[in-house]
Amino acid sequence: MNANLRAELALDPDPMDRLTDGTIKQRNPLTGTQVWTVPGRAKRPSSHRDDGHEIPGRDLKPEDFTDTCAFCTNRYSDTPPEKSRLVKGMDGHFHKIEGLPAKSMHDMVAEFRRIPNLYEIVSYDYWHLNHNHYPSEEQNRRMAAYLATPEGYDHVLHVVKMRLQASGEGDPNDLPDEKLVQYATGLFAGGHDVIVAKRHYIDGATKDTQNASAGTLSVAEHRAYTGYTIAAMEDLYGLNPAVKYVTAFQNWLKPAGASFDHLHKQLVAVDEYGVQIEQESQRVAANPLIYDQILHYAAHRQMAVLGNEHAIGFADFGHRYPTLAVWALGPALLPWEYSREQVDGISDVLHALHCALGPDTPTNEEWYHRPVDLEVPMRFRILLKRRTSTIAGFEGATRIYLNSVDPWTLRDEIVERLLQLREQGLIAESLEIGNEYRLPDNPLGDFSSRVAEFRSH
């Protein structure tokens, strides 16, 4: 690599600075977030049990596999009418079924379901009152057909009553059915969806601590899960012309914000970009090389964890929590513009990282992409954050965040575990791990055009 190219790929100033005492100061180039990794911080006393022993769990009964929470397979009626589901056919492939009537919801077990969130972050009423949002013709037909059957009518009223009861809006049993049905529209035309996986516990589990996480899915199941989420994201952009962004995320376990210890992703349509996307788009517009610089920095500072021809996973820097990043390689595209092969490659990297972290680690999975009405070439990437610490007064007062694990320690831990997982055949065979992985030339597409644009600024 010539000197001019090295200069253009250099992050200036260096986002990580190791001090004499071993403290590592980090700053995220995309967000400006400031993080310190302080020596000895991980060894401070804690009230949490961390003695290397398994926490004893309750013995499972057969019904626990199907009835533990509202997302379980015997409790489909405790969630709103599903938009679609993925089922596994006799050929072993996943097939999508849409518009299933209530009487058929238990005829087959869904591998994954797309359902409206009963407790929306951005509600149907928000869209209706602020943006004149009404159900589409297709949604109206679906709602009418669903309510026209006794099973569908009873299901909708049951779900509406659950929501009203939980919100404390009085006793729903005091309301006539005609009034309750008026709440049904949001169940068919809202913009907050949940992608729910089949299992609550792993197959063969004996204790209630053996939850089924993203890492306990098979490679094929996780590919289906990822592709299904991307398709739902694209669909939600069509909810209303006022939709500016569709955020996708996964909270795993209660310390990470999950309501249920049952694997699910969430997608929320919003009418603004949010601070993260606004700030990132401004940085990319000012410096079209910023993604190349970050990726080059991570690769040449030995932070790469694994990868394949379609994606790379590396220990990221400048985040509130220890973070693993999954970046799609090649040109900057919207998530649904990638080919099936590319999506599978991205999924395989993400799945392997979930496997390495393990089902007992609370995590937030956050998806980032370019909003459809922005021309700035923002990149699709996924951040996987390990929620093993609590933000407290120092962070709140200074906006300097403390991480007990530096990126290199995190990288080494994950690489060691990935090598074990590969020996066990639990991750995709095509993945290259640790020092095996070599970042391809021009990993993010046409580099020369971005150099020219950068020089023009």
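Before moving on, here are some points about what is shown:
- Heavy-atom surface analysis with a 1.4 Å probe gives the chain a carbon and sulfur content of 50 percent of its accessible area.
- Set LYS25/LYS198; LYS88/LYS179; LYS207/LYS385; LYS61/LYS265; LYS103/LYS244; LYS103/LYS385 screened for pairs whose C-alpha atoms are more than 31 Å apart: LYS25/LYS198; LYS88/LYS179; LYS103/LYS244; LYS103/LYS385
- Between ASP373 and SER218, residue separation times 0.36 nm minus the direct Cα-Cα distance comes to 52.3 nm.
- You can think of it this way: the chain between GLU429 and ASP208 has 76.5 nm of extra reach, that is 0.36 nm per residue less the Cα-Cα gap.
- Relative contact order [Cα under 8 Å, 6+ residues apart], segment 203-315, whole percent: 17 percent
- Computed lengthening from ALA242 to ASP91, 0.36 nm per intervening residue step minus Cα-Cα distance: 50.3 nm
- Between GLU341 and ASN74, the modelled label-to-label distance comes to 4.5 nm, taking each label 7 Å out from Cα in the direction of the beta carbon.
- Legend: residues TRP367, TRP336, sorted from most to least accessible area (1.4 Å probe; ligands, DNA and RNA excluded), read TRP336, TRP367.
- Loop-exposed trypsin sites (Lys or Arg not before Pro) per DSSP, neighbour cap 14 Cβ within 10 angstrom, longest uninterrupted part of the chain: 59-398
- FRET E, pair LYS103, THR31, Förster distance 56 Å, beta-carbon r, rounded to 0.05: 0.70
- Across segment 49-138, Cα-Cα pairs more than 17 Å apart make up 66 percent of the total.
- Where the chain is the region considered: accessible area per residue in Å², 1.4 Å probe: 47 Å²
- Dimensionless Rg over Rh [segment 251-349; C-alpha; Kirkwood]: 0.98
- Set of segment 286-308 residues, backbone N closer than 20 Å to the point 7 Å along the Cα-Cβ line of ASP17: 294, 297-298, 301
- Using a probe of 1.4 Å on the protein chains alone, the accessible area found for VAL343 is around 20 Å².
- Taking the chain and dividing mean pair separation by its residue count, relative contact order in percent (alpha carbons under 8 Å, at least six apart): 18 percent
The values are calculated or read from the model by the stated rules, or taken from the named source; none is laboratory data. Just so you know, these numbers come straight off a predicted model, no measurement behind them. Virtual Cβ from ideal backbone geometry, glycine too; neighbours counted across all protein chains shown. Accessible surface areas use protein heavy atoms only, side chains included; no ligands, DNA or RNA. Shrake-Rupley method; radii C 1.70, N 1.55, O 1.52, S 1.80 Å.
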